Amino acid sequence: MLTEVDRLLVATPDSERAATAWRSILGAEEVLRERATSLAAVRRVIRVGRSDIEFLEPDGAGPVAEALSRRGRAHVFAAGASASDPDAVAKTAKAAGAKVEADGARHLVTLQIEGAPIRFVISPEEEPAPAGRLDFLYEATVLAADQAGAVAKIRDAFGLDEKVFTTITSEMFGYTGVLTLFRAGQLHRFEVITPIERDKTMGRYHAREGACFYMGFAEAPDLIDIEKRIAPGGLTIDRPEGRRDDQSPDQIWIHPPTLGGVMLGVSRPTMAWMWSGHPERVAAL
């Protein structure tokens, strides 16, 4: 029923500063500003590629203010996906025990994972005019100690078929994970990862924050252009040994302080298939 990861929602004390970073680095364009009454926040929406980033700045007591107070910093508050029938998704999620709240044509679905509210926004399918230097988001990542339990909750809430899921292990970052692919042959998914090396960055983050959204991942046609726009120390680069600096890296990770509290991975076109079940689809440089 889910089709694409279409947005990230970010709790932030300063939406203008965060949006400015996305505009200067990724060419994002602002498309909406409104009050999100149910969240007691002002919502500033920017588009990058065909995906949206919603910055939620609290303007009173409510979920966003509470999240910022608890976490102490800007962070990914929720992840969003489009669906051909959002009402049907909401019905499935509610039957699976999720908290479901209507928000116009959208639905806010909250799963309790290890005592933490993990929020998802389900929206109708759209064909937005693309903007900026990304093509699209395709992944939002949840950190959880009980990987199997978290995957099961996401599977059941969204009616996903676990036969198309795939597993992933990263020695570089010290984790194991499951990609809960929405549909066979498509990249879009929620990822659930569990740190296995507690002294690495992800392990320390999980020990401090508990179950939460950790990052998003996107695809972009020109990683070199993005790389050049970020100051040294603001990103991590995966450029294979022997590849020249004027040739594209396979992927980059833009650090949270660079993008207003969001860790964003960006891969070159097709590269994500290397760890998504079809390495034969990766185009050679």
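The values are calculated or read from the model by the stated rules, or taken from the named source; none is laboratory data. The structure presented is a predicted model; accordingly, all values stated were derived computationally and were not measured. All Cβ positions, even for glycine, are placed from backbone atoms using ideal geometry, and neighbour counts span all protein chains on display. Protein only, heavy atoms only, side chains kept; ligands, DNA and RNA dropped before computing areas. Shrake-Rupley method; radii C 1.70, N 1.55, O 1.52, S 1.80 Å.
Structure notes:
- The lysine pair count for the chain, using Cα distances under 18 Å and pairs eight or more places apart or on different chains, is 5.
- Kirkwood hydrodynamic radius of region 186-245, from inverse mean 1/r over distinct Cα pairs, in Å: 14.6
- DSSP bridge pairs, region 98-243: antiparallel proportion in percent, nearest 5: 85
- Beta bridges by DSSP in the chain, antiparallel share as percent, to the nearest 5: 75
- Potential lengthening between Ala207 and Ser38 on full extension [0.36 nm per residue; Cα-Cα distance subtracted]: 57.8 nm
- The length gained by stretching the chain between Asp103 and Asp59 to full extension, at 0.36 nm per residue less their Cα-Cα distance, is 14.0 nm.
- Amide N of region 161-199 lying under 11 Å from the label point, which is placed 7 angstrom from the Cα of Ala152 along Cα→Cβ: none
- Average Cα contact separation per residue, region 130-255, under 8 Å, 6 or more apart, as relative contact order %: 29
- Kirkwood radius, the chain, all distinct C-alpha pairs, inverse of mean reciprocal distance: 19.0 Å.
- Percentage relative contact order, the chain, counting C-alpha pairs under 8 Å, at least six apart: 18
- By average C-beta atoms within 10 angstrom, highest first, the peptides 99-107, 202-210, 116-124: 116-124, 202-210, 99-107
- By the Cα gyration tensor, region 176-285 has an equivalent ellipsoid whose semi-axes, rounded to whole angstrom, run 23, 20, 13 from largest to smallest.
- Computed FRET value (nearest 0.05) for Arg183 with Ala283, which takes r as the C-beta separation and R₀ as 25 Å: 0.70
- Taking 7 Å steps out from each Cα toward its Cβ at Trp273 and Thr3 produces label points 2.2 nm apart.
- Bins of 5 Å from zero: percent of alpha-carbon pairs in region 176-218: 5, 21, 25, 21, 13, 9, 5, 0
- The smallest convex shape that holds all Cα atoms of region 1-100, its convex hull, gives 109 Å³ per residue.
- If a spin label sat at a point 7 angstrom from the Cα of Ser84 along the line to its beta carbon, the backbone N atoms of region 117-158 nearer than 20 Å would be those of 122-128, 155-158.
- Rounded to the nearest whole Hz, the Karplus-based 3J(HN,Hα) values (6.51 cos²θ - 1.76 cosθ + 1.60, θ = phi - 60°) of region 91-103 follow the sequence 5, 5, 4, 5, 5, 7, x, 6, 7, 10, 10, 6, 9, with x at glycine and proline.
- Accessible area of region 1-131 belonging to carbon and sulfur atoms, whole % at 1.4 Å probe: 48
- Sparsely packed trypsin sites (Lys or Arg not before Pro) within region 224-285, loop by DSSP, other Cβ within 10 Å at most 11: Arg244
- The calculated FRET efficiency for the pair His255 and Ile168, based on their C-beta separation and a Förster distance of 22 Å, comes to about 0.55.
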